[in-house]
Amino acid sequence: MEIKTKARKWGSSIAVILPKALVEERKIKENDDIFIDVKKPLLAFEIFGIAPRTSKKSAQQIKDEIKAGW
């Protein structure tokens with residue numbers, strides 16, 4: 001099951017609140033061990049440079065070609 005929740009400040013730590021429906025469904029009790037798979041969405045500026053470069057053209061050349069096609 002995947003849920004979306006927010007990390008919140010709790011003293012000098014960060015806490016995650018589990019929705020009541022999840023707690024009841026999974027029968028989670030206080031002091032139970034649970035595993036959390038943390039996935040933080042990428043921000044736009046973090047995406048640049050991820051994809052491999054397939055063209056030998058510069059970014060300016062590609063932009064010029066796109067403008068010419070309009």
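The numbers here are math on the coordinates, done by the rules we state, and not lab data. Treat the numbers as computed from the prediction; the structure is a model and nothing was measured. A quick note on method: Cβ atoms are made from the backbone with ideal geometry, for glycine too, and the neighbour counts reach across all protein chains shown.
General remarks:
- Trypsin sites (Lys or Arg not before Pro) lying in DSSP loop within the chain, provided at most 16 other Cβ fall within 10 Å: LYS4, LYS6, LYS27, LYS29, LYS39, ARG53, LYS56, LYS57
- Using 0.36 nm per residue and subtracting the Cα-Cα separation, the extra length available between GLU46 and LEU22 on full extension is 5.5 nm.
- Options PHE35, GLN60, MET1, ranked by Cα towards positive dipole end of the chain, top entry (Cβ charges): GLN60
- Over the chain, the fraction of Cα-Cα pairs per 10 Å bin, rounded to whole percents and listed from the shortest bin up, is 12, 29, 20, 12, 16, 11, 1.
- Helix 59-69 axis versus longest C-alpha principal axis of the chain: approximately 70°, rounded to the nearest ten.
- Beyond 20 Å in Cα-Cα separation lie the following of the pairs LYS20/LYS40; LYS4/LYS39; LYS9/LYS39: LYS20/LYS40.
- Length released on extending from LYS57 to ILE34, taking residue separation times 0.36 nm less the Cα-Cα span: 3.3 nm
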